[in-house]
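Report on the following structure.
None of the figures in this text is laboratory data; all of them are computed from the coordinates on show. Please read these numbers as outputs of a predicted model, since none were measured by experiment. Cβ placement follows ideal geometry from the backbone for every residue including glycine, while neighbour counts extend to all protein chains displayed.
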Amino acid sequence: MANHKSSIKRIRSNEAKRVLNKYQHKTARNAMRKLRATKDRNEAVGMLPTVVAMLDKLAKRNIIHKNKAANLKSGLQLRVNAL
């Protein structure tokens, strides 16, 4: 158990940040899954900018690595272009 006030506060803030990061990561994964599942090109083209923005935001906040975000965006763009 933590003994200092600052370490107790750090534990609380780390838990809050962990939950928020988990939520944002899961939301982006679900959006990617939905984008991959769609068969309609117009719908996919409309969804792509929001999914790309989600991935950029995750990379900016170091939730995922920037190269992983770039790799995912590239794959999604290829899939949309193939429709």
Peptides 3-12, 57-66: what's the order by average Cβ count within 10 Å, highest mean first? 57-66, 3-12
Over all viewing directions the Cα convex hull of the chain casts an average projected area in nm² of 6.2 nm²
Dipole of the chain [Lys/Arg +1, Asp/Glu -1 at C-beta], most positive-end residue of V45, I11, I63: I11
Helix-only mean residue ellipticity at 222 nm, the chain, DSSP H runs n ≥ 4 weighted -39,500 (n - 2.57), per residue, nearest 500. What is it? -29500 deg cm²/dmol
Return the lysines within reach of K57: Cα separation strictly under 17 angstrom, same-chain partners fewer than 8 residues apart disregarded; answer none if there are no such residues. K17, K22, K26, K66, K68, K73
Quick calc, the chain, dipole around Cα centre from Cβ unit charges on Lys, Arg (+) and Asp, Glu (-), nearest 20 debye, gives 400 debye
Along segment 12-28, Karplus-curve 3J(HN,Hα) (6.51, -1.76, 1.60; θ = phi - 60°) to the nearest Hz, with x for Gly and Pro, reads 4, 5, 5, 5, 5, 5, 4, 5, 5, 4, 5, 5, 5, 5, 5, 4, 5
Mind checking which aspartates and glutamates have their Cα closer than 20 Å to the Cα of K34? Skip sequence neighbours fewer than 8 apart in that chain. E43, D56
